[in-house]
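Inspection log for the structure reproduced underneath, given as structure tokens.
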Amino acid sequence: MASDSRVTVVNSGAWGFFFFLAYIGAAVYFVSVSDGSFWGFILGLLQAIVWPAYVLYHALMLLGA
């Protein structure tokens with residue numbers, strides 16, 4: 001087997017844990033402000049996946065972009 005010195009290993013385990021905690025926090029928030037129905041719960045989980053887009057949108061609105 002030939003050795004290839006161009007291979008780079010990236011260890012991003014700590015960032016993955018941070019993003020997992022951010023997802024859990026966002027899920028708790030969005031589910032808590034939902035109307036309590038099944039589809040409200042599902043929508044809260046889906047919103048938790050894309051919460052960075054909400055943050056970026058509102059930050060750009062504050063900047064007047």
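In Å², what does the accessible area per residue of the chain work out to with a 1.4 Å probe?
Heavy-atom accessible area per residue stands at 88 Å².
You can think of it this way: the chain between Ile24 and Tyr57 has 9.8 nm of extra reach, that is 0.36 nm per residue less the Cα-Cα gap. Angle of helix 13-32 to the longest C-alpha principal axis of the chain, folded into 0 to 90 degrees and rounded to 10: 10°. Between Asp35 and Arg6, the simple spin-label model (points 7 angstrom out along Cα→Cβ) gives 5.6 nm. Overall size of the chain from C-alpha positions, given as principal axis extents largest first: 59, 36, 17 Å. Residues Leu46, Leu62, ordered by accessible area of protein heavy atoms at a 1.4 angstrom probe radius and largest first, appear as Leu62, Leu46.
The values are calculated or read from the model by the stated rules, or taken from the named source; none is laboratory data. Note that the coordinates shown come from a computational prediction; the quantities given were computed from them, not determined experimentally. Don't worry about glycine lacking a Cβ; one is built from the backbone with ideal geometry, like all the others, and counts go over all protein chains shown. Just so you know, the surface numbers come from the protein's heavy atoms only, side chains and all, with ligands and any DNA or RNA stripped out. Shrake-Rupley method; radii C 1.70, N 1.55, O 1.52, S 1.80 Å.
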